[in-house]
Amino acid sequence: AVVYDSSTVGGNPFQRQLCGGSLVTPYIILTAAHRVYDTDPENNSSLDPDDVNIVLGQTKLSTAPSSSEFDVQGGAWQDDFDPSYGHPSFGVPSNDVGYLVLASPYNAATPIDIAGSGEGALWDPGSPEEITGWGATATSGPGSGGSDTLQAATVPIVSDSSCAGSYGAYFNGSTMVCAGYPEGGVDTCFGDSGGPMQAPVGDGGYRLVGITSWGSGCAEED
């Protein structure tokens, strides 16, 4: 979990939670660029490393011990990140990949491997992907403020042609992949940005094939 530092935003880690991420090396958390690009709580500029921490090894945030919260020494995003793809004023994130670098290495868990160029079958249409996060479980009312306990669900990959049919000019097939059910009902939501979309592999492990970036609403039909 990516959380604001307690010196910047008050409360427990759940109350300070900003987004999700994946440990891809002992030092590097891969997350969404749009959660690093302009989310500094003090001036809406790029996220200052002093204002953000990473909670690791926990599933419930409100009771996460201080020993599970780690300092960040730097942040960045892909050079070709476009915060407004498809429309100059209200487009969507493209190449939406950001990085947060821990101040010291985390060796209590094995980093997840990013899927390689020879593993394209892991995100073929219909392939099952696991999505996780502490984000909203409802778009309004109870659950709209997020979930204190980590949630998980499985969604199938949607073909590029189908996704382009739903999103038109906002879908960039060279940098984006879609997942979900035509009837809706299962999805990531607000607060899940940057979290992993991971494919199970035969050895009991996972490959990171995507991250939560954007969508139209949460769990809606089509």
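Residues of region 164-222 that are part of a loop (DSSP other than H, G, I, E, B), open to solvent by 40 Å² or more (accessible area, probe 1.4 Å) and under 18 Å from PHE81 (Cα atoms): GLY173, SER174, THR175, VAL177, TRP214, GLY215.
Taken over region 130-152, the criterion of being assigned to a strand (DSSP E or B) and either open to solvent by 30 Å² or more (accessible area, probe 1.4 Å) or under 25 Å from PRO65 (Cβ atoms) (or both) is satisfied by GLU130, THR132, GLY133, THR149, GLN151, ALA152. Residue-level analysis places ASP71 among those that are open to solvent by 30 Å² or more (accessible area, probe 1.4 Å), farther than 30 Å from VAL158 by Cα and assigned to a strand (DSSP E or B). Across region 84-112, the qualifying residues are those that are polar (S, T, N, Q) and in a loop (DSSP other than H, G, I, E, B), and the one among them that is surrounded by the most Cβ atoms within 10 Å (Cβ to Cβ) is ASN95.
Looking across region 113-125, the residues that are of a type in the set (D, E, K, R) and either part of a loop (DSSP other than H, G, I, E, B) or farther than 30 Å from SER159 by Cβ (or both) come down to GLU119, ASP124. Every residue in region 126-144 that is without any contact (Cβ under 8 Å) to a residue 60 or more places away in the chain and of a type in the set (S, T, N, Q), please. Within region 126-144, THR137, SER140, SER144 qualify. Of all residues in region 9-55, those satisfying the criterion of being in a loop (DSSP other than H, G, I, E, B) and in contact (Cβ under 8 Å) with a residue 60 or more places away in the chain are PHE14, GLY20, GLY21, VAL24, THR25, PRO26, TYR27, ALA32, VAL36, TYR37. Scanning region 12-33 for residues that are open to solvent by 40 Å² or more (accessible area, probe 1.4 Å) and not hydroxyl-bearing (Ser, Thr, Tyr), we see that the one that is nearest to the chain's Cα centre (by Cα) is ILE28.
Filtering ALA169, ALA153 for residues that are over 29 Å from ARG16 (Cα atoms) and of a type in the set (A, V, I, L, M) leaves a single hit, ALA169.
The values are calculated or read from the model by the stated rules, or taken from the named source; none is laboratory data. Since we're looking at a predicted model, the values are computed, not measured. Note: ideal-geometry Cβ built from the backbone for every residue, glycine included; neighbour counts use all protein chains shown. Ligands, DNA and RNA are excluded from the accessible area calculation, which covers all protein heavy atoms including side chains. Shrake-Rupley method; radii C 1.70, N 1.55, O 1.52, S 1.80 Å.
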